[in-house]
Protein chains: 2
Amino acid sequence: MKSRSGPGFVSAQEVARLAGVSRSAVSRTFTPGASVSPDTRERVLEAADRLGYHVNHLARGLISQTTGIVCLVVSDIATPYLSSMVDALTRRLQEASKVAMVINATGRLEKIEDAIRQTLHYRADATVVLSGSPDRAIIQTCLDSGQRLILLNRDEVLPGIRNVALDNAAAARQALHAFLKAGCRRLAVVASAARTPSLVGREKGFVDAARSVGLDVATWSDGPTAHATGAAGARHLLARTDPPDAVFCVTDLLACGFMDAARHEFGLRIPEDLSVIGFDDIEHAGWPSYALTTFAQPVAEIADHVVSCVTEYDAPADASRRLFAAPMVWRGTVRR
Amino acid sequence: MKSRSGPGFVSAQEVARLAGVSRSAVSRTFTPGASVSPDTRERVLEAADRLGYHVNHLARGLISQTTGIVCLVVSDIATPYLSSMVDALTRRLQEASKVAMVINATGRLEKIEDAIRQTLHYRADATVVLSGSPDRAIIQTCLDSGQRLILLNRDEVLPGIRNVALDNAAAARQALHAFLKAGCRRLAVVASAARTPSLVGREKGFVDAARSVGLDVATWSDGPTAHATGAAGARHLLARTDPPDAVFCVTDLLACGFMDAARHEFGLRIPEDLSVIGFDDIEHAGWPSYALTTFAQPVAEIADHVVSCVTEYDAPADASRRLFAAPMVWRGTVRR
DNA sequence: GACAGCTTTGCACACGAGTGCAACACATAG
DNA sequence: CTATGTGTTGCACTCGTGTGCAAAGCTGTC
């Protein structure tokens with residue numbers, strides 16, 4: 001395991017020399033399903049172990065046209081929901097003997113394109129875009145190159161690319177009915193300035209559902225999708241002459257901020273004075289201080305599906321879109 | 001940008017054919033500092049653009065001995081502190097024109113070794129271990145292969161590997177003095193069953209500092225490093241006949257759990273009845289409900305230093321260890 | 001012993017790129 | 001016109017691996 005001197009990686013050639021066989025034999029030893037006699041196989045393995053040999057996946061990918069690399073294009077990885085998604089994806093990919101390359105696309109929008117270009121440089125087997133909308137031209141480039149492209153929570157439905165998203169509208173409807181059942185009538189939505197498809201879908205879904213039963217909805221959507229924005233929304237909405245008694249926050253982070261401000265700055269009790277529903281089911285939603293009723297992201301299922309998209313053999317003939325349901329998690333922020 | 005027909009990536013050869021030059025010319029066009037006339041350079045660039053050509057970094061890495069890949073071995077990426085570290089690292093690495101490959105080592109300890117082996121398969125330029133202790137043998141293998149190995153918040157100090165950590169003992173001492181200054185004398189520490197060097201260092205640092213001034217410390221360390229564990233610690237410590245009036249939680253997550261239980265289950269006011277200090281300065285520490293006094297992880301500085309370790313030319317002659325200070329963040333959980 | 005059938009092995013080529021070397025073109029000075 | 005120097009270009013080799021093909025080896029049956 002340690003009899004080498006000079007630095008640098010050891011190649012199959014050196015292993016072959018030590019084992020007294022041809023380089024092909026070494027290659028076949030490490031290729032599942034290839035024909036090697038048990039005898040030489042053992043000799044090769046011993047030599048490889050002694051020299052500390054590791055197959056060079058880059059060279060292998062050069063010839064086998066599949067590198068095992070899957071690119072994850074993410075911005076705001078530090079966000080609770082996204083980080084748990086990255087966790088699930090990396091784990092699942094490894095189980096499928098792939099490896100994740102993370103491209104941080106935080107910042108300017110054009111960075112997304114640069115990121116996907118990186119993907120092409122490394123001949124990834126597939127690219128999963130977790131945020132940001134890639135340009136149409138770069139999508140075409142991916143398709144031409146035979147790159148699989150999987151978009152998460154995005155609107156673009158194009159032939160050849162896989163799209164997986166959440167049924168935000170259904171969840172929003174369910175939230176509305178929960179509020180109605182609790183006897184609430186003065187509704188509000190808190191969103192942020194980030195007009196990503198998921199957030200917009202939840203906001204719009206809630207407003208539309210309310211309209212369909214003849215109710216109006218006050219809205220707040222300003223600032224980043226963070227705790228402070230939720231608090232700002234509370235300050236704005238609760239100071240009105242006709243403050244809401246039920247608030248749908250399109251994100252748990254927003255909901256936490258809203259609740260903090262409602263409790264500490266307005267002295268409101270939740271759910272007695274005010275019902276709140278969030279979205280994502282991030283960790284703190286389960287903490288006793290919040291005990292937030294919310295919708296759970298089916299992270300594991302989505303990750304499984306994404307991995308199956310990556311490993312499946314053939315491309316979808318036309319636009320493929322898979323919608324996941326976000327199950328409601330009942331806790332203590334809605335009056336019953 | 002779209003005149004190709006069959007799937008698959010386009011090679012430099014095809015670009016050369018279209019541009020009417022040799023493949024070498026194409027190669028040189030994309031190699032900074034190589035000698036190409038402005039005329040052919042332009043012809044090549046145009047052909048490359050038309051065909052959608054992207055340099056194959058894998059093939060380039062094969063010959064240039066440097067792939068631009070840096071492996072991040074992480075477990076529990078979804079944890080607030082680690083996810084922000086991954087965020088910072090991926091961003092900084094990209095700025096240094098490297099790319100991060102994330103290996104999820106969650107689970108069994110032996111997975112760390114598998115993970116590092118992956119690293120070797122892809123001929124990464126360096127490997128950053130964010131959690132878990134790699135085995136000594138695998139470290140040796142890395143060194144033999146010329147792999148740079150950078151350990152974060154680990155104890156192992158070995159020749160050839162870079163070690164970067166936090167000055168946990170200094171922070172623990174500072175926490176103790178803050179408590180003493182606030183008039184607290186009944187001390188406690190809350191940790192978890194995870195005996196990682198950082199957590200142990202903080203716990204031990206606090207206990208030692210207290211002993212040196214003749215004070216005893218009640219401790220709780222059981223369960224995972226999570227909110228629930230902090231709450232359990234509160235239930236245990238606050239139910240004693242002689243409950244603490246100052247608690248140092250080795251992690252913000254633990255501190256949040258402790259505070260929630262102390263407030264809601266024991267009706268204690270913070271900081272009037274009880275002072276609390278955490279560690280990490282995660283996002284919620286800044287939220288009004290917690291306003292936790294804590295120690296900030298110098299994430300940006302650490303990331304910068306790690307990247308400089310990756311890009312620096314020569315290996316450290318012997319064991320290299322860099323200690324970062326964690327500045328105290330004063331908020332509202334310590335009486336003044 | 002001859003022959004068929006199967007397994008194992010090595011040769012040689014391919015993958016996609018970088019680069020030393022020599023040939024070449026061109027400009028300038030003598 | 002020749003000699004010298006400078007800047008481009010292409011050939012051919014290299015990196016580490018997979019694999020088709022044919023040769024070689026082995027086994028078993030008639």
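The values are calculated or read from the model by the stated rules, or taken from the named source; none is laboratory data. As the structure is a computational prediction, the values presented were derived from the model and not from experiment. We place every Cβ from the backbone using ideal geometry, glycine too, and count neighbours over all the protein chains shown. Protein only, heavy atoms only, side chains kept; ligands, DNA and RNA dropped before computing areas. Shrake-Rupley method; radii C 1.70, N 1.55, O 1.52, S 1.80 Å.
Brief remarks on what is shown
- Computed about its Cα centre, the charge dipole of segment B:12-55 is approximately 140 debye, with only Lys, Arg, Asp and Glu carrying charge at their Cβ.
- For chain B, the number of Lys pairs separated by eight or more positions or lying on different chains, with C-alpha atoms closer than 30 Å, is 4.
- Helical mean residue ellipticity (222 nm; -39500 (n - 2.57) per DSSP H run of 4+; nearest 500) of the protein assembly as shown: -13000 deg cm²/dmol
- Counting, for every residue in A:286-296, the Cβ atoms of other protein chains within 10 Å of its Cβ and taking the mean gives 3.
- Taking amide hydrogens as placed 1.01 Å from N in the peptide plane, the amide H of B:ARG322 sits under 5 Å from those of B:ASN163, B:VAL164, B:ALA165, each at least 5 positions away in sequence or on another chain.
- Average beta-carbon neighbours from other chains, 10 Å sphere, peptide B:71-78: 4
- Accessible area, probe 1.4 Å, largest first, for residues A:LEU151, B:LEU143: B:LEU143, A:LEU151
- Exposure check, 1.4 Å probe, all protein chains in place: A:TRP287 carries approximately 10 Å² of accessible surface.
- Against chain A, whose longest principal axis is taken from its Cα atoms, helix A:227-238 shows a tilt of about 20°.
- For segment A:61-68, putting each phi into the Karplus relation 6.51 cos²θ - 1.76 cosθ + 1.60 with θ = phi - 60° gives couplings of x, 4, 9, 8, 6, 9, 8, x Hz, in residue order, rounded to whole numbers and with x for Gly and Pro.
- Each other copy holds its own label point for B:THR66; taking that point as 7 Å from Cα along Cα to Cβ, the gaps run 3.3 nm, nearest first.
- For A:SER275, residues with placed amide H under 5 Å, excluding near neighbours: A:ALA246, A:VAL247
- Shown in residue order for segment B:133-141 are the 3J(HN,Hα) couplings computed by the Karplus curve 6.51 cos²θ - 1.76 cosθ + 1.60 at θ = phi - 60°: 9, x, 5, 4, 4, 5, 4, 4, 4 Hz (x for Gly and Pro).
- Highest-first packing order for the peptide set A:70-79, B:177-186 is A:70-79, B:177-186, based on the mean count of other beta carbon atoms within 10 Å.
- 7 Å along Cα→Cβ, label-point gaps from B:SER11 to other copies, nm, shortest first: 1.8
- For A:TRP330, label point 7 Å along C-beta direction: distances to other copies, nm: 4.8
- Rg ratio (alpha-carbon, reference 2.2 N^0.38 Å) - the protein assembly as shown: 1.06
- Of all accessible heavy-atom area on the protein assembly as shown, the percent that carbon and sulfur account for (1.4 Å): 50 percent
- Ordering A:GLY20, B:VAL36, A:THR333 by the projection of their Cα atoms onto the charge dipole of the protein assembly as shown, which places +1 on the Cβ of Lys and Arg and -1 on the Cβ of Asp and Glu, puts A:GLY20 at the extreme positive end.
- Overall form of segment B:168-298 per C-alpha gyration tensor (a/c, 1.5; a/b vs b/c): rounded
- Its relative contact order, with pairs defined as Cα atoms under 8 Å and 6+ residues apart, puts segment A:1-120 at 21 percent.
- Normalising the average separation of contacting C-alpha pairs (under 8 angstrom, six or more residues apart) by the number of residues puts the relative contact order of chain B at 15 percent.
- Here segment B:211-336 is treated with +1 on each Lys and Arg Cβ and -1 on each Asp and Glu Cβ, and its dipole about the Cα centre works out to around 460 debye.
- Student exercise, chain A dipole from Lys, Arg, Asp, Glu Cβ charges, in Debye to nearest 20: 440 debye
- Computed from protein heavy atoms with a 1.4 Å probe, the total accessible area buried between A and B is close to 5600 Å².
- Peptide B:43-54, shielding by other chains (average Cβ, 10 Å cutoff): 2
- Phi-derived couplings, Karplus 6.51 cos²θ - 1.76 cosθ + 1.60 at θ = phi - 60°, listed residue by residue for segment B:112-122: 4, 5, 4, 4, 5, 4, 3, 3, 5, 4, 9 Hz, with x used for Gly and Pro.
- Interface residues, segment A:250-264 - accessible area loss of 20 Å² or more versus chain alone, probe 1.4 Å: A:LEU253, A:ASP260, A:HIS264
- Heavy-atom accessible area per residue - chain A, 1.4 Å, Å²: 42 Å²
- Quarter of the Cα convex hull surface for segment A:12-55, i.e. its orientation-mean projected area (nm²): 2.5 nm²
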